[in-house]
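Notes for the one structure printed next.
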Amino acid sequence: MLTLTHLAAYISVGLSGAIRLIKLDSQGLDYFGDTNADFWRSFLAAAVVAPLFLLYLVIRYVGSNTDGSLPVYISAQMLAYVIAWLAFPLVMLYLAPVLQKEDKVVRYLVAYNWLSVIQNGAYLPVVMLGITGAFAQGLSNFLAMITLMWVLGITLFVTRKALEVPFGTAAGIVVVDLLLGVLVEVLTSRPG
């Protein structure tokens, strides 16, 4: 039986490994397992990010000129959130045999999910401050771009180290991830 103590331990270990990875310490990968259970538990990361994402959605909704109701908007965006969290791992599970990395892909995806907590924790507040007008639009865009570049750089580092692939392959995987995120955003943000 999974207890709150177990959940807290999984979260603590996941975040500890992610923090080492953002410091470009590849030993952060040692915090992550490569079993199916490790893979599914890594989606606790989505639950950790969810409250911040919900706050972001409320701020985005309030700042928009939409006539739709907040509950409908939140429901649709949370469905998109789940799709976004599952889409890239699903793609990677299909790409792994092509890359001959079946033995490394699960640990990579576990690390990827936990790293997403840190990345969202850095990126979403910058975006929210821009939406609220706390920062001038130019400054907000600049900070969002810098943060995005940092996220992509860390993701590239982790992809290279976890999958043990050359730079070009890792860069291609990061581009696939980025394009998939854009596709999910475009498809789920279309009006009614």
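Given the structure, is residue 137 loosely packed, with under 12 Cβ neighbours inside 10 Å, closer than 23 Å to residue 152 by Cβ and modelled with pLDDT under 95?
Values: loosely packed, with under 12 Cβ neighbours inside 10 Å: yes; closer than 23 Å to residue 152 by Cβ: yes; modelled with pLDDT under 95: yes.
Yes, satisfied.
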Could we say that residue 70 is surrounded by 12 or more Cβ atoms within 10 Å (Cβ to Cβ), under 19 Å from the mean Cα position of the chain (by Cα) and not small (Gly, Ala, Ser) here? no
Could you tell me whether any residue of the stretch 21-35 is under 15 Å from residue 116 (Cα atoms), charged (D, E, K, R) and in a loop (DSSP other than H, G, I, E, B)? yes
Can you list residue pairs whose Cβ atoms sit under 8 Å apart, with the first residue in the stretch 85-114 being outside any helix (DSSP H, G or I) and the second being at pLDDT 95 or above and not aliphatic (A, V, I, L, M)? Count only pairs 6 or more apart in sequence or on different chains. 101/108; 101/164
What is the residue count in the stretch 157-192 for residues that are small (Gly, Ala, Ser) and modelled with pLDDT under 95? 3
Which one of 130, 121, 138 is in contact (Cβ under 8 Å) with a residue 24 or more places away in the chain, within 22 Å of residue 63 (Cα to Cα) and in a helix (DSSP H, G or I)? 121
Checked the stretch 157-192 for anything surrounded by 13 or more Cβ atoms within 10 Å (Cβ to Cβ) and either β-branched (Val, Ile, Thr) or in contact with a Cys (Cβ under 7 Å, 6 or more places away or on another chain) (or both); matches are 158, 159, 165, 169, 173, 174, 176, 184, 188
Of the residues in the stretch 81-109, how many are among the small types (Gly, Ala, Ser) and crowded, with 17+ Cβ neighbours inside 10 Å? 2
All-but-one check, residue 29 against (1) touching a Lys or Arg at 6+ places or on another chain (Cβ under 7 Å); (2) surrounded by fewer than 18 Cβ atoms within 10 Å (Cβ to Cβ), failing number (2)
Quick one: in the stretch 144-156, of everything that is farther than 12 Å from residue 108 by Cβ and touching a residue at least 12 places away in the same chain (Cβ under 8 Å), which residue is surrounded by the fewest Cβ atoms within 10 Å (Cβ to Cβ)? 150
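The values are calculated or read from the model by the stated rules, or taken from the named source; none is laboratory data. It should be emphasised that the depicted structure is a prediction, and the values quoted were computed from it without experimental measurement. Cβ: placed from backbone, ideal geometry, glycine included. Neighbour counts: every protein chain shown.
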